[in-house]
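The values are calculated or read from the model by the stated rules, or taken from the named source; none is laboratory data. This one's a predicted model, so the numbers in the text were calculated from it and none came from an experiment. Please note: Cβ atoms are built from the backbone with ideal geometry, for glycine as well, and neighbour counts cover all protein chains shown.
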Amino acid sequence: MQQLARRGGVHLYRVFQRRLEGAAPLPFPPGYVPAALSQAETLSACADPLLELSAPSVRAAYAAGGVCVGARQAGALIGYVWFAFEAAPHVAGIWVKVPAGAIYRYKALVLRQHRGKGIAPALYRFADHLFEGMGREAVVNCIATHNFASTAASLRSGAESLGYIGYWQRGARFFSYHSPAVRALGLRFYALT
């Protein structure tokens, strides 16, 4: 599948959904502290290249109403995840339209030396309390079919596979695909023109 993406412009993702109601938080390993991050905190984290954050992207995400939740160890940011409510950037001019009753989870990263401890799924569930009273029923996300570690983290957070979403892009030409359950949900890829 990676070859199709590189050579043929085909990109395929699994879509996961987790209902918000009644989901208890997952514990963080000792020494790790979760928090909703302010724009200033997230911008200061852009100085660490390992975190793969850029100031323009951070500003754009907050301007669109996005939320970033992070985990710290000894005061240092070691991981984060972003959430969007209407639209979110994907890659190379492709965006994701978020369904009205959902929150879209995207761009999660945990530094390599902190992986395998359950930090990512704990971050996913920690953020739930931020969304209470917003009228949203579920958190959805899409993961490249070959990204087994992210799939495992999503499943560990309590998410269930909903179907597939994908697109083909060659130059200015763009075609999207949504399996029936994803189409019914309303999650969409679209190209900015």
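Annotations for the structure displayed:
- Search result, residues across region 42-65 that are more than 16 Å from Val91 (Cβ to Cβ) and among the acidic types (Asp, Glu): Asp48
- Qualifying residue in region 159-175 (condition: closer than 19 Å to Val67 by Cβ and in contact with a helix residue (DSSP H, G or I) (Cβ under 9 Å, 6 or more places away or on another chain)): yes
- For region 26-44, filtering for residues that are closer than 26 Å to Ala159 by Cβ, crowded, with 16+ Cβ neighbours inside 10 Å and either free of Cβ contacts under 8 Å to residues at least 40 places away in the same chain or among the hydroxyl-bearing types (Ser, Thr, Tyr) (or both) leaves 2.
- Some residue of region 49-71 being of a type in the set (Phe, Trp, Tyr) and more than 13 Å from the chain's Cα centre (by Cα): yes
- Residues in region 89-104 that are in contact with a helix residue (DSSP H, G or I) (Cβ under 9 Å, 6 or more places away or on another chain) and either farther than 16 Å from Met134 by Cβ or not small (Gly, Ala, Ser) (or both): Pro89, Pro99, Ile103.
- Residue within region 1-17 that is touching a residue at least 12 places away in the same chain (Cβ under 8 Å), over 18 Å from Phe189 (Cα atoms) and within 18 Å of the chain's Cα centre (by Cα) present: no
- Tally of residues being under 22 Å from Val33 (Cβ atoms) and at pLDDT 95 or above across region 140-164: 0
- In region 63-78, residue surrounded by the fewest Cβ atoms within 10 Å (Cβ to Cβ) [restricted to those that are more than 13 Å from Ala45 (Cβ to Cβ) and in contact with a strand residue (DSSP E or B) (Cβ under 9 Å, 6 or more places away or on another chain)]: Gly65
- Look at (1) in contact (Cβ under 8 Å) with a residue 12 or more places away in the chain; (2) under 30 Å from Arg72 (Cα atoms) and you find that Pro99 fails only one, number (2).
- Any hit, region 79-92, residues being touching a strand residue (DSSP E or B) at 6+ places or on another chain (Cβ under 6 Å), surrounded by 17 or more Cβ atoms within 10 Å (Cβ to Cβ), in contact (Cβ under 8 Å) with a residue 60 or more places away in the chain and within 24 Å of His146 (Cβ to Cβ): yes
- Residue in region 98-116 that is farther than 24 Å from Ser38 by Cβ and buried (at least 19 other Cβ atoms within 10 Å of the Cβ) present: yes
- With respect to the conditions (1) touching an Asp or Glu at 6+ places or on another chain (Cβ under 9 Å); (2) buried (at least 21 other Cβ atoms within 10 Å of the Cβ); (3) among the small types (Gly, Ala, Ser), Ala122 lacks only one, and its number is (1).
- Within region 124-138, residues that are more than 16 Å from Gly65 (Cα to Cα) reach partners that are charged (D, E, K, R) and surrounded by 11 or more Cβ atoms within 10 Å (Cβ to Cβ) with beta carbons closer than 6 Å, at six or more positions or on different chains, in the pairs Ala138/Arg19.
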